[in-house]
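Remarks on the structure that follows.
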Amino acid sequence: MNRRSALVASLFVALAVARVTATYTHFSQTYDEPVHVAMGLEWLDRGTYTLELQHPPLARIFDAIALRIDGEHYPPGPIVLTDPAAPIRKGNAILGGPDDYQRNLTLARIGVLPWLLLAAFVVFHWTRAIANTESAVAAVALFTFVPAILGHAGLATTDMALAATLPAAIYAMVRWIERPSAGRTVLFACALAAAVLSKFSAIPFLVVIGGVVLLLKFRENGSDWRVRPTFVALVIAVPIAALLIWAAYRFSIWPAPMYGFPPNELLAMLAEAKAPPDRALFFLLSHFRLPAPELFAGLAHLGEHTLFGHPSYFLGQIRTHGVWYFFPVVIAVKTPIAFLVLAVLGARRATIPVLSAAAIVVIAMVSRINLGVRHVLPIYPLLAIAGGIALIEMWQRRRIVALIMAVVLGAWMAVSSLLAHPDYIAYFNEVAGRHPERIVVDSDLDWGQDLPRLRDAIVDRRIDRLWIAYFGSTDLSRYPLAPAIRKLPPRTRVKGWIAISKTSLKGAYGRPDDYAWLEQLTPVQEIGRSILLYHSE
């Protein structure tokens, strides 16, 4: 039975892989992909990690590893600290021009598939440990049908890596707390390091979730709980994880060149910076010999980013510091309704996974950066565990109402997911209505992915001149759109064919009235889910 169940679960995973890889040719690069590819290839090809440090290297290495195996090299030339566009330019140079662009982009995206497999593995084994193999299969099925998972598993970014390594670290922690041993301590240390090296947001997630899990286990076992062995194992696991994290930064130690600059020159720049995190980093670098200085620099710049916020469009308004209810709303409209219902029904049996997911959402709610459901992507493997348990429990009750609910919710989930293909990134459930751009844009809807469809529309309509306001990082001078392209100026009415990204239309990174005049017109065509085509007389 176990072998047959594992085979069925593997078939669901194989189907997910097929669905993900089928999206590669549908989409151009999303906004962040060239940055992650450039950083991963710098680490692999040059042995340095200097260009953009707000994310750790592990996921980025996977994003670039197939390109490096294929023989791709990091572009030559200096690294300019004061040029924020440098990472994108380096990444675009790696992805190349019209002849090899799609192939290189596919090679980059292939590197994300191992994270999808790891996440499914954790979902299966954790669910089986809580319930049974049937529930484990159902949980894997639900997980692999979540559109947000399928969408981000097809992009060369860091989000899917965290969605795999964070649940893996939580599960390893649970097993380690239940029965500390040398093997489980080492496994937990490795999982902990992998999560931190995937994305820095893993640090607050793990601290809070670790406290929740320890409290639950203490309440469950009371005075019989072995506090001392757990504490000793923790003292051992954390230094091992720290050593692994340092190894990922190639055991660098200050004074080491960072951002491509010698220490004295870099310290002078940091001393003149106005941002408090940079001044704090300057103090540290001036007084201590820090291991992995790139890590501390990345945390400092991430802290600066969080402090000053990030522009985002939400419910008709543009905000820099976000609002607390952003993530609850986005999760509510970006997740299949059947999945949410099943997760709620199974919450009682899957207490730790569900509370871990809740902790992730709560921590995200206090963040000043509201950039999409991808920032809480690890909730989906955790909630899938609860959903799988609930689905099988309803089925096994053999009561007519429970059976009908199981069939309806399972079918609803499957149909919602299948109908979303290939636009998993832009998926919204029925609550969002026909115009989800009124709720949110950016990486939840329009991340610059629909240039291939725009190219097809241009050919079909024989457009020879096009105004364009494109939200994305693709170098349009090298991408084969065919007609003469002119950048659409803000707050200026023009005539002719106009293509505009929905993120640009909403003024998310400019002013709300930049292209407001276009909203008075009726679009001729919606290109994919993210671009609108107009014709102005």
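The values are calculated or read from the model by the stated rules, or taken from the named source; none is laboratory data. If you're wondering where the values come from, they're calculated on a predicted model, not measured in any experiment. Cβ coordinates were reconstructed from backbone atoms using ideal geometry, including for glycine residues, and neighbour counts include every protein chain displayed.
Residue-by-condition table, conditions (1) touching a helix residue (DSSP H, G or I) at 6+ places or on another chain (Cβ under 8 Å); (2) at pLDDT 95 or above:
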| position | (1), (2) |
| --- | --- |
| TRP395 | yes, no |
| VAL415 | no, yes |
| LEU418 | no, yes |
| TYR427 | yes, yes |
| ASP444 | yes, yes |
For segment 307-326, the count of residues that are hydroxyl-bearing (Ser, Thr, Tyr) and buried (at least 18 other Cβ atoms within 10 Å of the Cβ) equals 2
Considering TYR171, TYR249, which residue is over 25 Å from ILE130 (Cα atoms) and at pLDDT 90 or above?
TYR249
Condition set in contact with a strand residue (DSSP E or B) (Cβ under 6 Å, 6 or more places away or on another chain) and basic (Lys, Arg), scope segment 488-516, selection surrounded by the fewest Cβ atoms within 10 Å (Cβ to Cβ): answer is LYS495
Please go through (1) at pLDDT 90 or above; (2) of a type in the set (A, V, I, L, M, F, W, C); (3) part of a helix (DSSP H, G or I) for ALA297 and return the number of the only condition it doesn't satisfy.
(1)
Pick from segment 31-65, criterion surrounded by fewer than 23 Cβ atoms within 10 Å (Cβ to Cβ) and β-branched (Val, Ile, Thr), ranking: farthest from PHE471 (Cα to Cα):
THR48
Set ARG128, ARG68: member being touching a helix residue (DSSP H, G or I) at 6+ places or on another chain (Cβ under 6 Å), crowded, with 17+ Cβ neighbours inside 10 Å and touching a residue at least 24 places away in the same chain (Cβ under 8 Å)
ARG68
Given the criterion more than 18 Å from the chain's Cα centre (by Cα), hydrophobic (A, V, I, L, M, F, W, C) and not in a helix (DSSP H, G or I), identify the matching residue among LEU51, LEU67, LEU11.
LEU51
Could you please let me know if VAL354 is out of contact with any helix residue (DSSP H, G or I) (no Cβ under 7 Å at 6 or more places or on another chain), assigned to a helix (DSSP H, G or I) and at pLDDT 95 or above?
no
Candidates ILE385, ILE400, ILE369 - the one that is modelled with pLDDT under 95 and over 26 Å from HIS321 (Cβ atoms):
ILE400
Options GLU519, GLU526: the member that is surrounded by fewer than 19 Cβ atoms within 10 Å (Cβ to Cβ), in a strand (DSSP E or B) and not β-branched (Val, Ile, Thr)
GLU526
Is there a residue in segment 455-468 that is assigned to a strand (DSSP E or B) and surrounded by fewer than 19 Cβ atoms within 10 Å (Cβ to Cβ)?
yes
Residues THR158, THR106, THR133: which one is buried (at least 24 other Cβ atoms within 10 Å of the Cβ) and of a type in the set (S, T, N, Q)?
THR158
Being touching a residue at least 24 places away in the same chain (Cβ under 8 Å), closer than 30 Å to ALA420 by Cα and of a type outside the set (A, V, I, L, M) is true for just one of THR25, THR50. Which residue is that?
THR25
Yes or no: segment 307-316 includes at least one residue that is in a helix (DSSP H, G or I), modelled with pLDDT under 95 and out of contact with any helix residue (DSSP H, G or I) (no Cβ under 9 Å at 6 or more places or on another chain).
yes
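Quick grid of which residues meet (1) of a type in the set (Asp, Glu); (2) outside any loop (DSSP other than H, G, I, E, B); (3) within 21 Å of the chain's Cα centre (by Cα):
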{"residue": "GLY71", "(1), (2), (3)": "no, no, no"}
{"residue": "PRO76", "(1), (2), (3)": "no, no, no"}
{"residue": "ALA93", "(1), (2), (3)": "no, yes, no"}
{"residue": "ASP99", "(1), (2), (3)": "yes, no, no"}
{"residue": "LEU117", "(1), (2), (3)": "no, yes, yes"}
{"residue": "PHE121", "(1), (2), (3)": "no, yes, yes"}
{"residue": "ALA141", "(1), (2), (3)": "no, yes, yes"}
{"residue": "ALA156", "(1), (2), (3)": "no, no, yes"}
{"residue": "MET160", "(1), (2), (3)": "no, yes, yes"}
